[in-house]
Amino acid sequence: MSDLQRSFQKSKLARFPLEPPMPLNSHLGALEEVDDEEERDYRAGEENDMDSRMDTPSSPCSSASSTSTIRPLFARPEPRKKASLEPLPWNQYFSSSLYLLHEPTSAVFHAYLTSPINNGPLFVMHHGAGSSGLSFALLASEIRKALPAAGVLSIDSRGHGETKTPNDGDLSLPILSQDFVTAVELVKEKCGWGKMPDLVLVGHSLGGAVVADVAMGGKLGGNVLGYVVLDVVEGSAIDALQSMQTYLSTRPSGFTSLAQGIEWHTRSRTIRNPTSARISVPALLLLTDTAQPESSEDSSPPRPWRWRTDLAKTQPFWQGWFVGLSKKFLEARGGKLLILAGTDRLDRELIIGQMQGKYQLVVLPEVGHFLHEDAPGKTAGTLVEFYKRNDRSGLVLPPKVSDMYK
């Protein structure tokens, strides 16, 4: 190339703006810039971590301990620890376990109690069919966290838990309602309360039908501030009864151990909270003398842990539990709260009542039928707010006109 050509090219290139030279591996430049800050933070954390280990006498700086800082790119994740299936004791959640003798009928009602303090309210719980008072154990603990003055009374219905009556097979609604009232009055007498504390009645499934019936009949007087029904609606409950026998035929007739019973409840998503299952499930099972398989062709190990309550035998009472439930719920005196696991459970009567503002409706997402066990914290918060909204202790009434002229 001649000198004339070189000078011409230089003058032409001089017109373009100068650019910095491209770095090696320029195609990785963008990624390096994005990760630059994270890399610096990571290395700083590693250096601090190493310094702390070198300064700690219990962790000497050696070749063995220094290998803990090496993080392979494709390390195999550590195996997840298997959740414990050991039963949990009731006394972690209630202060006392009461056996209440009703002398006229010779019935012994069993209940779990944490007494209220400083004029706090008493939440009185009734479980569903086949369950027990320990179904509310975690909920009771959460209520006390949110409202330390509150008390919780959770009753074992007849034919359930440790309650024993002369006729455990009679689970008709009037009998269950009378048992509920009797148990509350016996607790008041046993604890020596001068007057009944303010009551909030809470019932799950069948228990919801019981508390609505008790509230409708006014059987506990003016002490009832309100009542709460958990995941039961007349229309959907009656519809579900048609498939109840099918459900009962598909569940196991027994278990080899309590741990297996707890595991079945969590695996089947009957109870979605493993901690609650460890508390409530043991009370649902009874150790029997059954040591032989159910049939000669059955080669499975014996299952001595059987259901304490035979739900199939309660079929004659199913319709009576739920017919008229919506009407009682809407017409009884006191505050009303309905907590559901889904809005699809509402029937026509309750939809109209909700539109008219006759009761409060709360829907909890991502829970099953045992919503108070699956989400005890959310349920407890809702119950405490419901109580505060209906609490009359802070209500100051104006003086009577006649007293003003005295």
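A Förster radius of 30 Å, combined with the Cβ-Cβ distance separating Glu331 from His102, puts the computed FRET efficiency at roughly 0.55.
Measure up Lys188/Lys219; Lys195/Lys219; Lys145/Lys388; Lys219/Lys313; Lys219/Lys358 against 19 Å on the Cα-Cα distance and list the ones that go over. Intermediate results must be reported in sequence, preceding the final value.
On the way: Lys188/Lys219 15 Å; Lys195/Lys219 16 Å; Lys145/Lys388 15 Å; Lys219/Lys313 28 Å; Lys219/Lys358 21 Å.
From the list (Lys188/Lys219; Lys195/Lys219; Lys145/Lys388; Lys219/Lys313; Lys219/Lys358), the Cα-Cα distance tops 19 Å for Lys219/Lys313; Lys219/Lys358.
Top to bottom by accessible area (1.4 Å), largest first, where do Ile238, Ile262 land?
Ile238, Ile262
In the context of the full set of protein chains, segment 183-233 has a per residue accessible area of 29 Å² (1.4 Å probe).
Taking square-rooted eigenvalues a ≥ b ≥ c of the alpha carbon gyration tensor, is segment 189-267 rounded, prolate or oblate, where a/c under 1.5 means rounded and, failing that, a/b exceeding b/c means prolate? Working shown, then result.
Working: a/c = 3.61, a/b = 1.68, b/c = 2.15.
In terms of gyration-tensor shape, oblate.
Stretching the chain fully between Thr250 and Ala83 yields a gain of 57.6 nm (0.36 nm per residue, less the alpha carbon separation). Backbone amide hydrogens, once placed in the peptide plane, bring Gly159 within less than 5 Å of Thr165, excluding anything fewer than 5 places away on its chain. If only the Cβ of Lys and Arg carry +1 and only the Cβ of Asp and Glu carry -1, the dipole of segment 211-361 around its Cα centre is close to 520 debye.
If R₀ is 51 angstrom, what is the calculated FRET efficiency for the pair Cys191 and Asp239, using the beta carbon separation as r and rounding to 0.05? Kindly include the intermediate steps, with their values, before the conclusion.
Working: r = 41 Å, r/R0 = 0.81.
According to the calculation, E is roughly 0.80.
Selection among Thr379, Trp305, Thr256 by position relative to the dipole of segment 255-387 gives Thr379 as farthest towards the positive end (Cβ unit charges, Cα centre). Of the listed residues Met216, Met125, Met355, the order by accessible area with a 1.4 Å probe, largest first, is Met355, Met216, Met125.
The values are calculated or read from the model by the stated rules, or taken from the named source; none is laboratory data. Bear in mind the structure is a predicted one, so any value in this text is a computation, not a measurement. Because the Cβ atoms are built from the backbone with ideal geometry, glycine has one as well, and the counts that use them run over all protein chains shown. SASA here: full protein model, heavy atoms, side chains in, ligands and nucleic acids out. Shrake-Rupley method; radii C 1.70, N 1.55, O 1.52, S 1.80 Å.
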